[in-house]
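Here's the structure, in structure tokens; my notes come after.
The values are calculated or read from the model by the stated rules, or taken from the named source; none is laboratory data. Because the structure is a prediction, the values reported are computed rather than measured. Heads up, the Cβs are rebuilt from the backbone with ideal geometry, glycines too, and the neighbour counts pull from every protein chain shown.
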Amino acid sequence: MDYNICFAGAAGDGIKEAGVITAKIFSKLGYHSFIYQEYQSLIRGGHNASIVRVSDKKVRTHRYYYDLLICLEDYIYKIHERRVKGEVIYDAKFQCKGLAVPMTEFVREEHEPLIFRNAVAIGVLAFLFGIDFEIVKKTFFDEYRDKAEADIILARDGFEYAKDNFEKIDEVEKIGEEREVYSGNEAVAIGMLKAGLKNYYAYPMTPTSPILHFLVKRDDVIALQAESEISAIMMAIGSAYAGNKAATASSGGGFALMTESISLAGMAEIPIMVVLGQRSAPSTGMATYTAQEDLYFALNPAHGEFPLIVASPFSIEDAFLLSATLLNLSWKYQTPSILLSEKHLLESYETVEFSDIRNEEIEIVRESKGIFKRYEITDSGVSPYAVPPAIVKANSNEHDEFGITTDKAEIAEKMYAKRMRKEEMIEREVRNLEPYFIYGRGEETIVTWGSNFGAVAEVADELGFKVIVIRFLRPLIIPNIKDNSICVECNYKGLLARIIEKEKGILLKKILRWDGRPFTPDELKERIKN
């Protein structure tokens, strides 16, 4: 069982919500799902799409062609027509090919805004797939609680209309226990919470804004919208200086404003975590579309040399795991870390099962007699961590073991070397944290990173490739890769491929995309064959 369903309409039609509700309906029956969200940077109008893939097996990507298109605006159909291989459901207020449903009429009868047409469409979909309406009702109630009444009424109108006018596509039966559906952003937030996050600050910027939206509703963390990205990261540094695990997030433009502060954290050895959600660039680019163009920026985000940890998740489960891991590592080694992801992974949804991960606490000194030797020179480079009310000095200048500013050559040399020694410790630990993930057993290899893995893994299963997914990018630990292997990335030059070629002295075949859209298995398979 494997269906690719697309909801399409304008901004303000509730397209995203329709996709999430649909995925959760199928998840209650035990099915796996994946949702790709595509939208323009508009409040109303334009083109939005939510592509929901549901299957009885694990899926991490959508497909190119649709088994069902639910179209809420007439001009939208022309955008998607070439991708339709199955049925079309559309609002009867306009003319189209397929099954007409009087969505607008039903909504007006209930005196509700037109956004509720998506509920009518979900009711129709439920009938077409033979889903008991009680499942639909429960899903709406679980999502909206006391605000679900209108959705349930209109979904029933759609269900009954379809029952009287259409034939079913399938009879979907319950195959297992209910599964959970989360976005990549939610997974990142939950992972940080599991690792002990106490303070989160951010200025809204696609695609990481939902992390703030998620955390601000929680009672176990202080989440605050700052007035700028500079304020957000400086607040995180201040919270970490005070002894609380803290993080921030942004996209490329906002991250650019954080660079001086990242260097400050490197000098002051303050543990902060930054989530960098890549999107189409340079500058504003296509603000709501995906890319993998910031790799070199993330690896070298600020002036000066200092230890830095950079990792990129390849799935939503991995986003949970790596976000927790990086926050823990930042505190263990008292240095900045960057979770490098992209719009496609962060804003997509998937049925997931999160593994258990613990909050790794470090010893913190909170009292001192006189000024504390915060930057004590040690063999590992890691010094005791002290926070007020202990007397602790930290600033952006080179300093001695007490944090007192210095420009003496012999002290500067020792302190610089102390900080850099932590890189050796970090690399040894990362080697034990699955720095890369190997999938499949084919003779030929595809190398990739980030959310490309979903499409790559599916094609590899079909064509018989082995897949190597690079998770940790700094320190970068690369396995043996054959000359002329394929590297799949969403950028113009093959940024990871170039690093691997230089490190390993090999040449890679590059399959690249830079139009703001992610690879689908259908498209990738054709590119590999060609």
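Any idea which of 409, 417, 390 is more than 31 Å from the chain's Cα centre (by Cα) and surrounded by 16 or more Cβ atoms within 10 Å (Cβ to Cβ)?
Working: 409 fails: surrounded by 16 or more Cβ atoms within 10 Å (Cβ to Cβ); 417 fails: surrounded by 16 or more Cβ atoms within 10 Å (Cβ to Cβ).
Answer to the check: 390.
Per-residue answers, yes or no, for (1) in a helix (DSSP H, G or I); (2) basic (Lys, Arg):
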residue: 357; (1), (2): no, no
residue: 373; (1), (2): no, yes
residue: 379; (1), (2): no, no
residue: 388; (1), (2): no, no
residue: 395; (1), (2): no, no
residue: 416; (1), (2): yes, no
residue: 426; (1), (2): yes, no
How about segment 91-104: which of its residues are out of contact with any helix residue (DSSP H, G or I) (no Cβ under 7 Å at 6 or more places or on another chain) and not in a loop (DSSP other than H, G, I, E, B)?
-> 99, 100
Scope segment 133-147; condition more than 28 Å from the chain's Cα centre (by Cα) and surrounded by 15 or more Cβ atoms within 10 Å (Cβ to Cβ); matching residues | 133, 135, 137
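Among the residues of segment 52-76, how many are assigned to a loop (DSSP other than H, G, I, E, B) and either farther than 19 Å from residue 120 by Cβ or assigned by TED's automatic domain parsing to the domain that holds residue 517 (or both)? Reasoning before the result, please.
Step one: filter segment 52-76 for residues assigned to a loop (DSSP other than H, G, I, E, B), giving 56-65, 72-73.
With the extra rule that they be either farther than 19 Å from residue 120 by Cβ or assigned by TED's automatic domain parsing to the domain that holds residue 517 (or both), the set shrinks to 56-65.
Adding up the residues that qualify gives 10.
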Scope segment 351-377; condition within 22 Å of residue 419 (Cβ to Cβ), surrounded by 12 or more Cβ atoms within 10 Å (Cβ to Cβ) and either aromatic (Phe, Trp, Tyr) or within 37 Å of the chain's Cα centre (by Cα) (or both); matching residues | 360, 362, 364, 365, 372, 374, 375
When you look at residue 239, is it at pLDDT 95 or above, out of contact with any helix residue (DSSP H, G or I) (no Cβ under 9 Å at 6 or more places or on another chain) and among the hydroxyl-bearing types (Ser, Thr, Tyr), yes or no?
-> yes
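Determine which member of the set 469, 447, 456, 488 is in a strand (DSSP E or B) and closer than 15 Å to residue 60 by Cα. Step through it out loud before you land on a result.
Working: 447 fails: closer than 15 Å to residue 60 by Cα; 456 fails: in a strand (DSSP E or B); 488 fails: closer than 15 Å to residue 60 by Cα.
Among 469, 447, 456, 488, only 469 is in a strand (DSSP E or B) and closer than 15 Å to residue 60 by Cα.
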Residue list for segment 123-142, restricted to those being assigned to a helix (DSSP H, G or I), within 27 Å of residue 100 (Cβ to Cβ) and without any contact (Cβ under 8 Å) to a residue 60 or more places away in the chain | 123, 124, 127, 133, 134, 137
Whichever residue in segment 152-179 is closer than 14 Å to residue 121 by Cα and basic (Lys, Arg) and, among such residues, is surrounded by the fewest Cβ atoms within 10 Å (Cβ to Cβ) = 163
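Among the candidates 224, 299, which residue alone is over 15 Å from the mean Cα position of the chain (by Cα), without any contact (Cβ under 8 Å) to a residue 60 or more places away in the chain and surrounded by fewer than 24 Cβ atoms within 10 Å (Cβ to Cβ)? Please lay out each step first, then the result.
Details: 299 fails: without any contact (Cβ under 8 Å) to a residue 60 or more places away in the chain.
Being over 15 Å from the mean Cα position of the chain (by Cα), without any contact (Cβ under 8 Å) to a residue 60 or more places away in the chain and surrounded by fewer than 24 Cβ atoms within 10 Å (Cβ to Cβ) holds for just one of 224, 299, which is 224.
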Please find, among 145, 179, the residue that is touching a residue at least 60 places away in the same chain (Cβ under 8 Å) and not acidic (Asp, Glu).
-> 179
Hey, can you tell me all the residues within segment 276-314 that are farther than 21 Å from residue 191 by Cβ and outside any loop (DSSP other than H, G, I, E, B)?
-> 295, 296, 297, 299
Could you figure out which of (1) closer than 23 Å to residue 311 by Cβ; (2) outside the structural domain of residue 518 (by TED's automatic domain parsing); (3) buried (at least 17 other Cβ atoms within 10 Å of the Cβ) isn't true of residue 500?
-> (2)
Residue pairs within 8 Å by beta carbon, gap of at least six or interchain, first lying in segment 398-426 and free of Cβ contacts under 8 Å to residues at least 40 places away in the same chain, second surrounded by fewer than 17 Cβ atoms within 10 Å (Cβ to Cβ) and small (Gly, Ala, Ser), listed first then second, are 406/412
Scanning segment 88-122 residue by residue, those farther than 11 Å from residue 71 by Cα, within 35 Å of the chain's Cα centre (by Cα) and either surrounded by fewer than 18 Cβ atoms within 10 Å (Cβ to Cβ) or of a type in the set (Gly, Ala, Ser) (or both) turn out to be 104, 112, 113, 115, 119
So how many residues does segment 491-512 have that are assigned to a loop (DSSP other than H, G, I, E, B), more than 16 Å from residue 291 (Cβ to Cβ) and without any contact (Cβ under 8 Å) to a residue 60 or more places away in the chain?
-> 3
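Does any residue of segment 513-523 turn out to be part of a helix (DSSP H, G or I), out of contact with any Lys or Arg (no Cβ under 9 Å at 6 or more places or on another chain) and more than 26 Å from residue 339 (Cα to Cα)? Steps first, answer last, please.
Within segment 513-523, the first condition is being part of a helix (DSSP H, G or I), and the residues that meet it are 521-523.
After this cut, where a residue has to be out of contact with any Lys or Arg (no Cβ under 9 Å at 6 or more places or on another chain) as well, the list is none.
No: zero hits.
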